[in-house]
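Okay, structure first, notes after.
Taken together, the values in this text are just the output of simple stated rules run on the coordinates, not laboratory data. All figures in this text were calculated on a predicted structure; none of them were measured in a lab. In this analysis, Cβ positions are derived from the backbone assuming ideal geometry, glycine residues included, and neighbour counts consider all displayed protein chains.
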Amino acid sequence: MTNNPQELSTKHILGIKYIQKNDIELIFKTASHFKEVINRPIKKVPSLRDVTIANLFFENSTRTKISFELAEKRLSADVVNFSASGSSVKKGETLLDTVNNILSMKVDMVVMRHPAPGAHHFLAKHIDASIVNAGDGTHEHPTQALLDAFSMQEKIGSLAGKKIAIIGDIKHSRVALSNIYCLQKLGAKVKVCGPPTLIPKHLSELGVEIDYDINRTLRWCDVANILRIQLERQDIKYIPSLREYSQYFGVTKQILDGLQKEIVIMHPGPINRGIEISSDVADSDHSIILQQVENGVAVRMAILYLLASKRGERKLET
């Protein structure tokens, strides 16, 4: 483990749980630089020229996959995109065989989304490439948490002592757990809010406050990160109906107007407008949802750049 503040302590980004506060601060510092880069007329730098990155998505993804691919191309990396649908995975090929076949093509990094929690740890033990977790089941989504925290810090400054609420389907969200780990490492206070059926009881063991009242939660917080109901992950019915969920936990302009203070509104997407959040809130001055999207590219550029630097494959350029 390195003590160099200009180098990551790890060769992988498997989860926020496994990185240090210094790593987060270094990623944010590097992301600020890359945010300047992607706002230039010429948005490309040769930093990862001749580095090959494979994007392995065993689950459907739009925003995360596009964000990673854009980050890789902005850094001039060679990109290989792999989708489980239509691949040999459908014919029974194992995860390790799939990745080893791709690595035989001399891939340096693997960005992977997989439905099985821990799949990335398994790979990290068996292959030499750097692994970036783009989501594993309902476990973690570290790059989303990093871009969320980076966006908060950009908006309200240091997160130490700030009150952050995570609202919605906590039980099925990999974003929630990664956000909790990240925010706590940065010194923030975290509260989760939603129906009792959608909040795991073990969260209290992580030092997280649990509330089932949306109005009380919004009055408490400085930032509200609102998550969608993930019906595709629910094998049983956890709420009576989406209409009832919206009535009791939907964030509306009427609720925000009654707070007598301004709070920051966030959402990792995709947004179910009119369910967890109304359109006039998502599109309001309170919202930094579009900034999250922009920052996602910069943060992922920073992560890929720093991992390549850690591997020592070349002197990197920006």
Inside region 99-115, the number of residues satisfying the requirement of being under 21 Å from Thr143 (Cα atoms) and either assigned to a loop (DSSP other than H, G, I, E, B) or charged (D, E, K, R) (or both) is 4
Return the total of residues in region 172-202 being buried (at least 19 other Cβ atoms within 10 Å of the Cβ), part of a loop (DSSP other than H, G, I, E, B) and more than 16 Å from the chain's Cα centre (by Cα).
-> 4
A careful count of residues in region 140-191 that are small (Gly, Ala, Ser) and farther than 18 Å from Thr217 by Cα gives 9
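Quick check on region 50-58. Is at least one of its residues on the phi > 0 side of the Ramachandran plot, in contact (Cβ under 8 Å) with a residue 24 or more places away in the chain, surrounded by fewer than 22 Cβ atoms within 10 Å (Cβ to Cβ) and in contact with a Pro (Cβ under 6 Å, 6 or more places away or on another chain)? Reasoning before the result, please.
Of all residues in region 50-58, those on the phi > 0 side of the Ramachandran plot come to 50.
Filter once more, keeping what is in contact (Cβ under 8 Å) with a residue 24 or more places away in the chain: 50.
Next, only the ones that are surrounded by fewer than 22 Cβ atoms within 10 Å (Cβ to Cβ) stay: 50.
Right, trim to in contact with a Pro (Cβ under 6 Å, 6 or more places away or on another chain) and you get none.
Taking every residue of region 50-58 in turn, none turns out to be on the phi > 0 side of the Ramachandran plot, in contact (Cβ under 8 Å) with a residue 24 or more places away in the chain, surrounded by fewer than 22 Cβ atoms within 10 Å (Cβ to Cβ) and in contact with a Pro (Cβ under 6 Å, 6 or more places away or on another chain).
Do the conditions hold for Lys189, that is, is it free of Cβ contacts under 8 Å to residues at least 12 places away in the same chain and not small (Gly, Ala, Ser)? Walk me through how you get there before you give the answer.
Values: free of Cβ contacts under 8 Å to residues at least 12 places away in the same chain: no; not small (Gly, Ala, Ser): yes.
No; evaluated as a whole, the condition is false for this residue.
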Does Lys17 satisfy being at negative phi and either in a helix (DSSP H, G or I) or of a type in the set (Phe, Trp, Tyr) (or both)?
-> yes
Name, by its number, the condition in (1) under 15 Å from the mean Cα position of the chain (by Cα); (2) closer than 22 Å to Ile263 by Cβ; (3) in a helix (DSSP H, G or I) that does not hold for Glu154.
-> (1)
